[in-house]
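Please read the structure below before turning to the comments.
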Amino acid sequence: MITGPDPGHVFPAVALCLRLRAAGDEPVLLTGTRWLQRVREEGLECAELPGLAAAPTDDDTDAGARLHARAARMSTDLLPVLRELDPDLVVADVLTAGGGLAAERASLPWVEVSPHPLYLPSRGLPPIGSGLAPGRGPLGPLRDGVLRRLAARSQKLGREHRRSARLSVGLPAHDPGPLTRLIATLPALEVPRPDWPEHAHVVGPLLWDPVTTALAAPAGTDPLVLVSPSTAVGGALGVLDAALGGLSGVRVVATTLPDTSAGCVGAIPNWAAVGVGRQDELLAQARVVVCGGGHGILVKALLAGVPAVVVPGGGDQRELAGRVARHGSALVVRPLPARPRPRRCRAPRARRAVLRRGRWPGGRVGGAAAGRAGAAVPRRSPLSAQRSALTIAPQPVDPDRDGAEQHCDDEDRPQRSLQDGEFGTVHVRQAIPTEVRPSGLLRWARAPHPVSRPGPRRVRPGPR
């Protein structure tokens, strides 16, 4: 398992390793040094991921160059490590592109894990990161098409960076991609798309908390508000200060990670508590969650049935905020621009959103939609998805066998089922989960037919 040191990516990786170990496998985690000791306390084998340090010539202002050029260099440092470990399968985080490159150079099968919804571009969605819902009505698809064309230039530049990185390490320019993509999120956070990838599977969130101690909430009977500032680099600033400065008549508890500042510049009142503590125990008591829009805390709030007030920062937080707001699980407070950036949350806006979302004093009425959204159960286990990737991985050629016997059609391939205690019997070649299965129109589009055959027309009813 290969991942970077960011909490939003290393925590799901640890959760996946724990599930693999429980299934009888022998996972090895390669990541940054910050979490190695804590991972070893879980009894997992881990080591430092080589190549994480930036070179003096790296241009961190160019996201594409930072992702792909550094990945090419990391794959060179990682290659001898993989050859020494000689794993049966490599699992690489979606942002640690060097893991996939190194696995391909070592001729090892590899899969990709995304600790958030699928962020590949789609011809049926607005650009990922905009936070917009798919357009409806006569002008909605036109808006989405214009936005996709505006984003196409950046996407093309990213593909060029990827091709250059592959050529620089001796790989073909064409990127075959992973055998399987594990989308570690709730189906409620996915958006139906007409071009869902064939080997992408929603496997449910992968949650792990490095904290083992509990943080006591302030004494009293007032409603409890859980504040979880963002751990991402581009997260909004001032979320905790806004909560402490704008709320009154409630209790506030804010959790932080070990060796991480809470970001509070003022004094902490006696009706608030700030420190290191497990979030699952506090969510059981909280009426509202105020967070920065990271995937981990949003999933925890959805599963606990607690409504959220989201203050999104950069990265994918705007996209996630839009998705949870559209199905009624959260309210979004757009942070005001600060000089210099990043953006900062203000106390009055946070107070209005918390009071509206909590609906004092009527209990968790605001969390009803959140509970419904988090009740969906994934149809695919991450363990079975990885094992099925091994069944479709290219097999080494046996020189003693005839070439015609080396390959067989998918229909002739031996089929078997895997048992998983949480997800039941899962077929190794199960198709896309029903929550995101393509429509009949897409199945028609995928079927072989002459190029000159006209496509189906969508007739929209006019105004009444």
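The values are calculated or read from the model by the stated rules, or taken from the named source; none is laboratory data. What you see is a predicted model; the values in this text were computed from it and never measured. Positions of Cβ are backbone-derived with ideal geometry, glycine not excepted, and every protein chain shown enters the neighbour counts.
Within the range 46-55, does at least one residue satisfy the condition of being under 25 Å from residue 294 (Cα atoms), modelled with pLDDT under 95, out of contact with any helix residue (DSSP H, G or I) (no Cβ under 6 Å at 6 or more places or on another chain) and crowded, with 22+ Cβ neighbours inside 10 Å?
Checked the range 46-55: at least one residue is under 25 Å from residue 294 (Cα atoms), modelled with pLDDT under 95, out of contact with any helix residue (DSSP H, G or I) (no Cβ under 6 Å at 6 or more places or on another chain) and crowded, with 22+ Cβ neighbours inside 10 Å.
Hey, residue 213 hits all of (1) outside the structural domain of residue 105 (by TED's automatic domain parsing); (2) within 30 Å of residue 106 (Cβ to Cβ); (3) of a type outside the set (Asp, Glu) but one; which does it fall short on?
The single condition residue 213 does not satisfy is (2).
Does the range 241-251 contain at least one residue that is in a helix (DSSP H, G or I), farther than 15 Å from residue 298 by Cα and modelled with pLDDT under 75? Give the steps one after another, and end with the answer.
At the first step, the residues of the range 241-251 found to be in a helix (DSSP H, G or I) are 241-246.
Within this subset, residues satisfying the condition of being farther than 15 Å from residue 298 by Cα are 241-246.
Retained after the next criterion (residues that are modelled with pLDDT under 75): 246.
Yes, the range 241-251 has at least one match.
Please verify whether residue 124 is free of Cβ contacts under 8 Å to residues at least 12 places away in the same chain and over 17 Å from the mean Cα position of the chain (by Cα), treating the condition exactly as stated.
Details: free of Cβ contacts under 8 Å to residues at least 12 places away in the same chain: no; over 17 Å from the mean Cα position of the chain (by Cα): yes.
When the stated conditions are applied, residue 124 does not pass them.
Looking at the structure I just gave you, is residue 135 in the same structural domain as residue 113 (by TED's automatic domain parsing), touching a Pro at 6+ places or on another chain (Cβ under 8 Å) and not polar (S, T, N, Q)? Before you say what the answer is, go through the steps one by one.
Numbers: in the same structural domain as residue 113 (by TED's automatic domain parsing): yes; touching a Pro at 6+ places or on another chain (Cβ under 8 Å): yes; not polar (S, T, N, Q): yes.
Spelling it out, residue 135 is indeed in the same structural domain as residue 113 (by TED's automatic domain parsing), touching a Pro at 6+ places or on another chain (Cβ under 8 Å) and not polar (S, T, N, Q).
Using the structure shown, decide if residue 104 is of a type in the set (D, E, K, R) and over 26 Å from residue 200 (Cβ atoms).
Working: of a type in the set (D, E, K, R): yes; over 26 Å from residue 200 (Cβ atoms): no.
No; evaluated as a whole, the condition is false for this residue.
Scanning the range 29-57 for residues that are among the hydroxyl-bearing types (Ser, Thr, Tyr) and outside any loop (DSSP other than H, G, I, E, B), which turns out nearest to residue 19 (Cα to Cα)? Give the steps one after another, and end with the answer.
In the first step, residues of the range 29-57 are kept if they are among the hydroxyl-bearing types (Ser, Thr, Tyr); the result is 31, 33, 57.
Imposing the further condition that a residue be outside any loop (DSSP other than H, G, I, E, B) reduces the set to 31, 33.
On the way: 31: 18, 33: 22 Å.
Here the answer is 31.
Go through the residues of the range 164-178 one by one and say whether even a single one is on the phi < 0 side of the Ramachandran plot and in a strand (DSSP E or B). Quick ask: steps written out before the conclusion?
At the first step, the residues of the range 164-178 found to be on the phi < 0 side of the Ramachandran plot are 164-169, 171-176, 178.
From what is left, the residues that are in a strand (DSSP E or B) are none.
For the range 164-178, residues on the phi < 0 side of the Ramachandran plot and in a strand (DSSP E or B): absent.
Of all residues in the range 214-231, which are under 16 Å from residue 276 (Cα atoms) and over 28 Å from the mean Cα position of the chain (by Cα)?
Within the range 214-231, 216, 217, 218 qualify.
Could you please find all residues in the range 273-311 being of a type outside the set (S, T, N, Q), assigned to a loop (DSSP other than H, G, I, E, B), surrounded by fewer than 24 Cβ atoms within 10 Å (Cβ to Cβ) and touching a residue at least 60 places away in the same chain (Cβ under 8 Å)? Quick ask: steps written out before the conclusion?
Narrowing the range 273-311 to residues of a type outside the set (S, T, N, Q): 273-278, 280-284, 286-311.
Among the residues that remain, those that are also assigned to a loop (DSSP other than H, G, I, E, B) are: 277-278, 284, 286-287, 292-294, 305-307, 311.
This time we only want the ones that are surrounded by fewer than 24 Cβ atoms within 10 Å (Cβ to Cβ), so: 277-278, 284, 305.
Matches in the range 273-311: 277, 278, 305.
From 158, 129, 145, which residue is surrounded by fewer than 17 Cβ atoms within 10 Å (Cβ to Cβ), without any contact (Cβ under 8 Å) to a residue 24 or more places away in the chain and either within 21 Å of the chain's Cα centre (by Cα) or part of a helix (DSSP H, G or I) (or both)?
Details: 158 fails: without any contact (Cβ under 8 Å) to a residue 24 or more places away in the chain; 129 fails: without any contact (Cβ under 8 Å) to a residue 24 or more places away in the chain.
Of the residues listed, the single one that is surrounded by fewer than 17 Cβ atoms within 10 Å (Cβ to Cβ), without any contact (Cβ under 8 Å) to a residue 24 or more places away in the chain and either within 21 Å of the chain's Cα centre (by Cα) or part of a helix (DSSP H, G or I) (or both) is 145.
If you scan the range 87-126, which residues turn out to be part of a strand (DSSP E or B) and in contact with a helix residue (DSSP H, G or I) (Cβ under 6 Å, 6 or more places away or on another chain)? Step through it out loud before you land on a result.
Going residue by residue through the range 87-126, those that are part of a strand (DSSP E or B) are 90-93, 110-114.
90, 92, 93, 110, 111, listed by residue number.
Taking the residues in the range 88-97 that are of a type outside the set (A, V, I, L, M, F, W, C) and within 18 Å of the chain's Cα centre (by Cα) as candidates, determine which candidate is surrounded by the most Cβ atoms within 10 Å (Cβ to Cβ).
From the range 88-97, those of a type outside the set (A, V, I, L, M, F, W, C) are 88, 93, 96; that's our starting set.
Right, trim to within 18 Å of the chain's Cα centre (by Cα) and you get 93, 96.
Values: 93: 25, 96: 30.
Ranking the candidates gives 96 first.
What single numbered condition from (1) surrounded by fewer than 17 Cβ atoms within 10 Å (Cβ to Cβ); (2) in a loop (DSSP other than H, G, I, E, B); (3) of a type outside the set (Gly, Ala, Ser) fails to hold for residue 80?
Result: residue 80 fails condition (2) only.
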